[in-house]
Every structure is written in structure tokens, then in C-alpha cells.
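Read-outs: derived from the displayed coordinates by stated rules, not from any lab. Not measured: the values here are computed from a predicted model. As a convention, Cβ positions derive from the backbone with ideal geometry for all residues, glycine included, and neighbour counts pool all protein chains shown.
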Amino acid sequence: MTDPIRETLQAPERPVEPDVAFADELFERLREEMGHRARPLVLPRRRRIPNPSLRRVLLAAAVLIVTFAILAAILWPLRDRLVDRSKPAHDVPAVVNGRLVASRAGQIVSMEADGSGEILLTDTGRDYSPAWSPDGRRIAFIRSSGRGSAIWIMDADGSDQIQVSDQGTMVQPPIWSPTGAFIAYSDLSSDAETGAIWRVTPDGQERVRVTTYADGNFLRDWSPDGAKLAFESDRDGDVDIWVMNADGSAPTNLTQNSVSDWGPAFSPDGTRIAFYRGFGRPKHGGWSRTAIWTMNADGSDPVRLTDGSRFDIHPRWSPDGRWIAFRADMMSKGAGVAVVRLYRMAPDGSDLRGLTDRETQALEFEWSPDSTTLVFVDDDYRGIAVVGADGTGFRTVATDPTVIGIPDWQAASERPAG
Amino acid sequence: MARTADTAIWFRETLEDESAFRAWYDGALPRVYGYLLHRCGGQRSVAEDLTQEAFVELVRSRRSFDGRSDPMTWVIGIARHKLADHFRRLAREERKRLRVVRGPVANDASTETWAASERRQEIWRAMERLPTMQRAALTLHYMDDLPVSAVAAELGKSEAAIGSLLARGRETLRRELPTLNEVDDD
């Protein structure tokens, strides 16, 4: 005989949307909580004015100016003999980097790489994770609503906004195929279809779920020729790097082992895949460290590039293939992740260099199209910052505490005129 | 599910990437809020307070998430702790004869949003009249399907005490709701 109390009380429950103001206020509270926890210092470094590094910079600038004035006075009379006036005084960069696009307070904005010329593209307050199309003409992004979230697309000026995916529960950032013909994304809803990978066309006409396995798929990258998708899946027990054809056929596990592998990224020539792997002895249900590895695109010849002394994650190749940049989380005893730094190294692991200092909380990052610069979210100062691939030229280009997520850098070599 | 360390790292990254976190939050919030609203008799202000406590706790304790459960399961677990704390606070108030929150049909949300059926609402009206600890035991045992030992752990009581609370709560519901007379103890 059934139990009416149990039966009635166990009836399926629907999620209930709370008041929007409550939801937004709570989110702000949580952001503050996370910001405080992320900062190891009481005061962010750049708010202590004047600080020693600023003084050093000013002193160095003053010395340079005086030196330049003396040299100019000496050399000016000799200028015609020293300078060949038939050529420009310096080389013009071959590629001029395009505009950045980012989400601030749920609004998508674009700006020049120096932070100037900002344009507000959406104003819903619920738009995130913008990504330029390869031709720099359109932007894909996540629009969330009370019913979940979906992938949307708009033109570079914010016009013609259309929804191109079905509504999902936990839609992850869109990834354009190299030709711009498709957008792929993961939906990590915790319902039956957890971790499905979907592929849609920019007009929204074709919406295909490309993974048939129900659980634990997380899309990371397209191959440069657009033929394959690289993703993480735990269908074989632990998380491994998988590739499949862009239609979902021929899924192949490239890292069949008992350790966990994440974050596959194809090299620009498509021959190698960088990824990160659990390192050391698992404890407390997690790996003690991670290291960056590369392997051939068929999974052969795996090579460890970093020593596993940190949590090295998210390897990303520079567009010219010369460097692999990654993010390193440094742990401190009892405080979890204390410092997050950006590093770069040659694809064979040599020439490793830290690009940001220990006081900068460098979160998500992206390469500039000309491979000279990285843009990242600076969680210490809450803004967007850039730094050169050689570690010089650190500067903040947008200082807005509401910046959310990774900025994306338009490929300016194909930037539309006007 | 095989994910453990991987889920932990994924979720840690999700929390650090505010875009991903917002997307996850927007999906998780209605579930947590709905979970709590259904268990505190539709009292919106109580559900909001407990939802806030749960999410703040999640953020503060995110380093301890080991990935052995789905993040949604984890946050619901935190919400359940907060609900249990709420019941215990109410019980303390009751002992002091300060029944300031509890009352018949005290919900301030519309019936449609939290009570799926008339019968459910009828049972809730009756449960609102139960002593808090009986209501807490019935809620966690039946709505969350927790075994008696887990209910005991959540509410800080012995298993025998929970068994007694459940028996008395069911007896009261049977008495107050004639339609439940066919109840068969399992």
C-alpha cells in the first residue's frame, strides 16, 4: 500500500525563480566574498600610493629623460651622418591588433586594446563570454535568463542579435570553428544530459548534439582545419583527452591512462595538442598538482613540459606557434590558491618565463592575434590588463570592478574596414 | 559518476571565472531557492535568507569541495544544513514560547509557485501546525528521502528521537487530515 504522506511530499519539485533583485544582490554579495578571498593582501598593490614600484618607474623615467636630453644635444649636429633618411625610423608592426570584447556587469562592450573607444553592445545585464568570429565581424555570447542560458550571436556593432541554440541549463562559452561556419559549446546541466556538446550554425538553423554519451563531456577546442573537436570526457572512468570528428563521429581517447587529463588545445599547425595532467599523488579526492604536457594530435609522443610544482592549467598556443602560455595557481598552506600567475614557454618547455608578478591575480587570458601580447582579467585590481609575451609592458586597460570573464581579442588582420 | 578531482577542479575554475560562475549560479539559484521554499512552507523571506546563507557558505568553503558529488548536489547539501539549522533555531524559539515565525499557512508565495498540488498544500498546512522538530524530521525524511540516521545527524538528535518524532508527526497528520487515514506505515 502506498504512503500518501511520502507520495505527496516526494512529488517532483520545480525550481522556483526568486525575485530578480534578490538574485542580483546575492550574486554581488558572492562576488565580493570571492574577491576578498582571492586577495592575499589587505590592500591591492596598486592602491597603495605611492608604492615602491611606482617610485622606481618614475625614477627610471627621469633618468632616461635626462640621458636622452644629453645624448640629443651631443648627437643632433651629427644627425645626417647617423640616420639613413631613406627608410622609416622604425619598423611598423606587421599586424595591428583588433578590438577587445568583454562582459562587464552582464553587458558586452568592445574597446580598443588600450581601453579607448569603448562601445556598449548589449545592455541586458545577463550577457557573458563574448567571442569574436574568426572574420571579426560577429560576436557569439551567452545570454542567461530565468529559464537558463543560451548561445546568442550579434554583429560587431551589437545589431542583429539572434538566439542560435536551444535553451540550456549551464551553457558554457561558445567556441567558433576556424572557418566561422559553426559554433560549438558544452551544456553542463546536472540533469540527465550532463555535459553534452552541441554544434550550431551562426544562423541558428542547424542545432546538433554531437556527443551521444550522456555524461561528462567538456568541449575545449577545434582543430585548425575545423575537422575535429577536442574535449574532455570521463566516459572511460577518469577524465581523458578525446577528439572526434566535428559531426560527433569517431570519438577517440588520446590519453588512456589512470591519471586525469584536461584542457586540450591544438597547436596552430594542428600537429600537437597541449593539455594539463594531474601530477603527484592524489589526496583528498584531488590531484596534488598539475603539469603541462603536449602530444601528437593522434595521442602519440606525450611529453611533460613543466615540473608539476604548481597547478599549471589552461595551456594556450600563441597564434604564431612560438609559445605556449599557461596559468599557474600557487598554493599556500591552509589558504588554498594564493597567487595566480601567467607563464609562457617554448613548445619544447624551454625558456620558461613568468609574465606577471606574485601580486597580480591573473585569471583568464587570451593571446593577441600578432602573438606579442596577452590580455587577461586582473583579479587583484578587478580589470582587464595586458602584458607582453616577454613579460614587459604590463598595463591595465580597463579598471572596472564588474569585468566578468575572459576578454576576447579580435583578429585585426581580417578586421572589416569601417 | 566518475568525476572527483576533475569535478573539483572544474568547479573551482567555474567559481573563479565569473562568467562561468554567473551561468552556473543562474541555473543553480532557482533549484536551491525552490528546494528551500518547498521546505519552509512557502515563506519567501525565510527561503531567501537560507538561500543566501547557503550560497555564501558555498563560496567560503569552495576550497573544500572535493568533487565527489555534483556541485548541484553539494550546494543542495549545504542548503539542507542551513534548513536544519533553521529548524533548530525555530525549535529553540519554541522552547522559549516565542513562536514568531511559525504559523498556519504562513507562506507568502503564491500557491502555484511552491505547492505542486492541493493535497501537498493541505499536508503543509497540517505540518505548519506541528511542533518544529516533528516537521523538520518529516521534511528531511520524506522530502529529501534521508534515512533516519542522516536526519538524526542533520538535526543533532539520536536515531531513536527521530523515530519518535516521525511517529508522532505522522500520527498528528493522520488525525488532522482524514484523507490520510489510509496511511500505511512502511
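I need the calculated FRET efficiency for the pair residue A:357 and residue B:129, taking r as the beta carbon distance and R₀ as 56 Å, to the nearest 0.05.
0.35
Is segment A:214-279 best put as rounded, prolate or oblate by its Cα gyration tensor, with a ≥ b ≥ c the root eigenvalues, rounded for a/c under 1.5, and otherwise prolate when a/b is larger than b/c, oblate when not?
Taking the square roots of the gyration eigenvalues as a ≥ b ≥ c, segment A:214-279 is oblate.
Starting at the first residue of segment A:340-347, write each ³J(HN,Hα) from the Karplus equation 6.51 cos²θ - 1.76 cosθ + 1.60 with θ = phi - 60°, in whole Hz, x for Gly and Pro.
Residue by residue, segment A:340-347 yields 10, 10, 9, 10, 9, 8, 6, x Hz.
At what distance in nm do the modelled label points of residue B:73 and residue A:160 sit from each other, each positioned 7 Å from its Cα along Cα→Cβ?
Taking the two extended label points, one gets 4.5 nm.
Can you give me the long-range amide H partners of residue A:310? Hydrogens built in the peptide plane at 1.01 Å from N, cutoff under 5 Å, separation of 5 or more residues or another chain.
A:290
Which ordering of B:151, A:243 is given by a fewest-first count of other beta-carbon atoms within 10 Å?
Going from sparsest to densest Cβ surroundings: A:243, B:151.
How far apart, in nanometres, would the label points at residue A:394 and residue B:63 be if each is projected 7 angstrom from Cα along the Cα-to-Cβ direction?
Taking the simple label geometry, residue A:394 and residue B:63 are separated by 2.3 nm.
Report the label-to-label distance for residue B:171 and residue A:225 in nanometres (one decimal), using points 7 Å from each Cα along the Cα→Cβ vector.
Each label point is offset 7 Å from its Cα along the Cβ direction, giving 7.7 nm.
Quick query: amide H of residue A:182 versus all other amide H atoms, modeled in the peptide plane; which residues come in under 5 Å with a sequence gap of 5 or more or a different chain?
Hits under the 5 Å cutoff: A:177.
Please list, in chain and number order, the residues 5+ apart from residue A:221 or on another chain whose amide H is under 5 Å from its amide H, with Hs placed from the backbone.
Correct list: A:230.
For segment A:124-164, state the semi-axes of the equivalent ellipsoid (square roots of 5 times the eigenvalues of the alpha-carbon gyration tensor), sorted largest first and rounded to whole angstrom.
Result for segment A:124-164: semi-axes of 18, 9, 8 Å.
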